[in-house]
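The values are calculated or read from the model by the stated rules, or taken from the named source; none is laboratory data. Source: prediction; values computed, not measured. So basically every Cβ, Gly included, is an ideal-geometry build from the backbone, and we count neighbours across all protein chains shown. Just the protein is used for accessible areas: all its heavy atoms, side chains included, with ligands, DNA and RNA removed. Shrake-Rupley method; radii C 1.70, N 1.55, O 1.52, S 1.80 Å.
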Amino acid sequence: MTMTLPKSIFFCEVGPRDGLQNEPATLSVERKVRLIEGVVDAGVRIVEIGSYVNPKAVPQMADTDEVARAIRRMEGVEYRALVANLKGVERALASGVNKVKLTVSASESHAKANLNKTPSELIDGFKSCTEFARSNGAEVSGAISTAFGCPFEGKVPPEKVAEIAERLHDLGITELSLSDTTGMANPRQVYDLATSMQEMLPDVRWFLHFHNTRGMALANTLAGLQAGIVRYDASLAGLGGCPFAPGASGNVASEDMIHMLHEMGVDTGIDLDKLLDLARELRGWVGHDTDSALLKAGQCCRPIPRDGAAKQ
Ligand code: ZN
């Protein structure tokens with residue numbers, strides 16, 4: 001018997017949004033642009049460039065309009081942004097973003113704590129967003145956050161996720177992300193949910209989005225691959241862990257995920273050397289250590305890191 005793995009996957013770099021939104025320091029527009037153009041240069045074909053949300057709530061993302069206008073667009077690359085409401089969609093489209101991602105939490109408490117609305121109320125508000133986006137030629141994607149667990153409610157029942165996925169699908173959204181926002185998913189749970197969601201909505205392009213809070217993100221990625229999921233998010237250098245909030249952790253590091261995939265013979269189209277150089281540069285910009293195994297240990301095929309950080 002051999003292990004069943006897809007031949008290739010689609011990778012989305014979410015560092016410019018999910019990574020940077022949790023950093024205490026805000027990167028300049030120039031550095032954000034350099035980060036986005038750098039990952040594209042390394043072969044990444046989907047980039048989440050930022051979010052259009054209340055700048056008071058997330059000041060790190062207040063300049064997404066400017067970033068979107070400044071990036072040099074490459075043919076065949078998808079530049080998407082996170083939005084929370086119609087105002088966000090309008091801002092995104094006005095600055096040239098052609099794909100918006102609407103997020104809703106599967107957990108009532110999490111949704112209330114974040115946006116003071118129930119998941120159902122949030123989805124009610126999405127109708128105007130999808131209509132506006134489509135009538136202006138933009139695509140819409142959806143994300144279900146806390147799809148595996150919620151810091152307030154614990155395990156989230158799959159029935160809740162299914163209900164939300166169906167409602168988003170009813171709005172004509174056929175690309176959905178299952179997001180493990182606070183790193184509570186385990187591989188068996190990922191396999192089960194990914195399998196049942198694909199059976200329930202076979203026309204949906206499913207993304208998986210893992211945070212590495214409890215060190216399970218790469219194991220969860222493997223479980224997703226085994227369940228046949230071929231779309232993954234990750235964040236360069238494992239950014240997103242806030243140094244002032246112990247326990248808060250970023251997405252799994254892009255370079256760690258890409259490295260694991262390449263080692264297993266799964267194609268990503270990404271130049272890992274280029275990606276690692278950029279991850280190292282990014283770590284320098286944020287000025288603190290990040291949750292990246294590869295930045296510490298180097299690649300299996302070249303185990304001695306250039307900065308000599310790991311010694312035996
Ligand atoms: Zn996230």
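Quick notes
- Spatial offset of the stretch 193-238 relative to the stretch 65-140 amounts to 21 Å, using the alpha carbon center of each.
- The residue among GLY137, ALA237, MET197 whose Cα reaches farthest toward the positive pole of the charge dipole of the chain, with charges on the beta-carbon of Lys, Arg, Asp and Glu, is ALA237.
- Per residue, the chain exposes an accessible area of 43 Å² to a 1.4 Å probe, with every protein chain left in place.
- Put a plus charge on the Cβ of each Lys and Arg, a minus charge on the Cβ of each Asp and Glu, and nothing anywhere else: the dipole of the chain about its Cα centre is then about 400 debye.
- Shape class for the stretch 215-297, computed from the alpha carbon gyration tensor (a ≥ b ≥ c): oblate, with a/c not under 1.5 and a/b at or below b/c.
- Three-way shape call for the stretch 25-158 based on the alpha-carbon gyration tensor, with the a/c threshold at 1.5: prolate
- Around the amide H of GLU78, modelled in the peptide plane, lie the amide H atoms of ILE46, VAL47, all under 5 Å away and 5 or more residues distant in sequence or on another chain.
- What a 1.4 Å probe finds exposed on the stretch 10-297 is 51% carbon and sulfur by accessible area, rounded to a whole percent.
- Given charges at Cβ of Lys, Arg, Asp, Glu: the stretch 10-297 dipole, positive-most of THR26, ALA185, VAL100: THR26
- Of LYS274/LYS296; LYS32/LYS99; LYS32/LYS112, those spanning more than 25 Å from alpha-carbon to alpha-carbon: LYS32/LYS112
- A simple packing score, the average count of other Cβ atoms within 10 Å per residue, orders the peptides 214-223, 68-77 as 214-223, 68-77, with the highest score first.
- Per-residue SASA entry for ARG280, accessible area with 1.4 Å probe, Å² rounded to 10: 60
- Counting 0.36 nm for each residue step from ALA57 to GLU159 and taking away their Cα separation leaves a gain of 33.7 nm.
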